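*Asks:* Encoded as structure tokens, here's the structure I'll be asking about.
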Amino acid sequence: MIKEYLKGKVSEEELKKVIRSFEIIGDVVIINLPDEIMHLKDLVVEAILSKHRHVKTILRKIGEVSGEFRIARYEVLYGGETETIAKEFGCRFLVDPTKVYYSSRLSSERERIAKMVKEGERVLVMFAGVGPYAIVIARLAKPKEVIGIELNPRAVEYFRKNVKMNKVEDIVKVYEGDVREVVPKLEGTFDRILMPAPYSAENFVYLIRDKIKKGGFVHYYTFASEEEEKILQKKVKELFKKQGMIVDVLNIRECGSFAPRVYRYVLDLKVVDFVWL
């Protein structure tokens, strides 16, 4: 859409450097605009506003997701108000992408997981952010309880507001803190555990050994290159075995890209047995 708008207005060389896709979160747009064509920013803003008149702010991504709060860095190209309400599958999420991690591109993945949740399940969402996984599961499935844990205080604030806004207070429980401290203190076990932190999930597998039921499910997210995809199943099974869990890999699914030829994958795992370490 941006390329079509710019055609004839800029040179072919400049046009080649324009990144076609962008992300819309509520009425905030996030784009990647290379330094070499920053002089085209006004035209790019015009292109977006010509098709998306509801947009109030356009952000340029200037730094990848990083740090313990998993936040990217942005600069404002248009507007200024960065707090917005994102909508997906009948749920509403108050969010500020400059202060918390949230991606609308994972909405179909959240719906997919929710459809797998059986009635009466007890679900744990680690690295819960502003609550999209927990709330979508609570709204689209019939779990007994969903516990979400998040470290970023600002994300926890939004998470609590979103639980109320989506009227799932009786199902979703919000815990603020480090999963390494919170998970061991949780009572009982879970039917399903989500680990949606591809940057570092492997460092936290040890936490779920005593919290997942035998026969329970783990949704494990990670980054891998195209070459690594072939050995990903074996690598993850070995990782879990080292932490005392024998798992079957039910499904491996690519759910977004991170860098050229590097993708986000989710592995749907079933814990079939435990081993003593």
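Here, each number is a calculation from the coordinates, and none is a lab measurement. Given the structure is predicted, the values throughout are model-derived calculations rather than measurements. Note that we place each Cβ from the backbone using ideal geometry, even for glycine, and neighbour counts take in every protein chain shown.
*Asks:* So which GluC sites (Glu not before Pro) in region 90-172 pass both tests, a DSSP loop state and at most 10 other Cβ atoms within 10 Å of the Cβ?
*Replies:* Glu119
*Asks:* Using only the alpha carbons of region 81-195, what is the convex hull's orientation-averaged projected area in square nanometres?
*Replies:* 6.5 nm²
*Asks:* Now a separate question. Using only the alpha-carbon atoms of region 1-75 as identical scatterers, what base-10 log of I(q)/I(0) does the Debye formula give at q = 0.11, 0.15, 0.23 Å⁻¹?
*Replies:* -0.29, -0.52, -1.08
*Asks:* Still on this structure, I have one more. Counting only residues 5 or more places away or on other chains, whose amide H sits under 5 Å from the amide H of Cys255 once H atoms are built in the peptide plane?
*Replies:* Close amide H contacts, sequence-distant or interchain: Arg264, Tyr265, Val266.
*Asks:* Related question: If you filter region 200-277 for chymotrypsin sites (Phe, Trp or Tyr not before Pro), then keep DSSP loop positions with at most 11 other Cβ within 10 Å, what is left?
*Replies:* Trp276
*Asks:* Here is a follow-up. Each residue of region 62-76 in order: what ³J(HN,Hα) in whole Hz does its phi give by Karplus 6.51 cos²θ - 1.76 cosθ + 1.60, θ = phi - 60°, with x for Gly and Pro?
*Replies:* Along region 62-76, the couplings run 10, x, 5, 4, 7, x, 5, 9, 6, 10, 8, 10, 9, 10, 7 Hz.
*Asks:* How far is helix 153-165 tilted off the main Cα axis of the chain, in degrees rounded to 10, range 0 to 90?
*Replies:* That works out to roughly 80 degrees.
*Asks:* While we're here: Which ³J(HN,Hα) values, rounded to whole Hz and listed in residue order, are derived for region 35-46 from phi using the Karplus coefficients 6.51, -1.76 and 1.60 in 6.51 cos²θ - 1.76 cosθ + 1.60 with θ = phi - 60°, glycine and proline given as x?
*Replies:* 3, 4, 10, 4, 5, 9, 4, 5, 5, 5, 4, 4
*Asks:* Pull up all non-local amide H partners of Val168: gap of 5 or more, or a different chain, and H-to-H distance under 5 Å with H placed in the peptide plane.
*Replies:* Distant-sequence amide H within range of Val168: zero hits.
*Asks:* For region 120-130, take each phi angle, set θ = phi - 60°, evaluate the Karplus expression 6.51 cos²θ - 1.76 cosθ + 1.60, and give the result in whole Hz per residue in order, putting x for glycine and proline.
*Replies:* Each residue's phi maps through the Karplus curve to give x, 5, 9, 10, 10, 10, 7, 6, 6, x, 8 Hz.
*Asks:* Can you list residues from other chains, or at least 5 along the same chain, whose modelled amide H is less than 5 Å from the amide H of Leu33?
*Replies:* Lys61
*Asks:* Can you give the percent of C-alpha pairs in the chain whose distance is more than 29 Å?
*Replies:* Of all Cα-Cα distances in the chain, 37 percent exceed 29 Å.
*Asks:* So for region 168-277, Kirkwood radius off the Cα pairs, Stokes-Einstein at 20 °C and 1.002 mPa s: how many µm² s⁻¹?
*Replies:* 145 µm²/s
*Asks:* In whole Å, how far is the Cα centre of region 138-182 from that of region 1-50?
*Replies:* Region 138-182 and region 1-50 have Cα centres separated by 36 Å.
*Asks:* Now a separate question. For the pairs Lys173/Lys242; Lys185/Lys270; Lys118/Lys173; Lys99/Lys144, flag any whose C-alpha to C-alpha distance is greater than 20 Å.
*Replies:* Flagged as over cut-off: Lys173/Lys242; Lys185/Lys270; Lys99/Lys144.
*Asks:* Okay, moving on. Tell me the relative contact order for the chain as a rounded percent, counting alpha carbon contacts under 8 Å between residues six or more apart.
*Replies:* The normalised contact order for the chain reaches 11 percent.
*Asks:* Using the beta-carbon distance between Ser108 and Lys142 and R0 = 25 Å, what value does 1/(1 + (r/R0)^6) give for FRET efficiency, to the nearest 0.05?
*Replies:* My answer for the efficiency is 0.75.
*Asks:* Would you kindly state how much longer the chain becomes between Glu227 and Arg180 on full extension, computed as 0.36 nm times their sequence separation minus their alpha carbon distance, in nm to one decimal?
*Replies:* Additional length available on full extension: 13.8 nm.
*Asks:* A follow-up question, please. For region 132-209, which trypsin sites (Lys or Arg not before Pro) pass both filters: DSSP loop (anything but H, G, I, E, B) and at most 14 other C-beta atoms within 10 Å?
*Replies:* The qualifying sites are Lys144, Lys167.
*Asks:* Straight-line reach only, C-alpha to C-alpha below 15 angstrom: list the aspartates and glutamates that Lys17 could link to, leaving out same-chain residues fewer than 8 apart.
*Replies:* Glu4, Asp35, Glu36
*Asks:* Compute, for region 48-158, the length of the dipole vector about the Cα centre, with Cβ point charges of +1 (Lys, Arg) and -1 (Asp, Glu) only. Units Debye, rounded to 20.
*Replies:* The dipole of region 48-158 has a size of about 420 debye.
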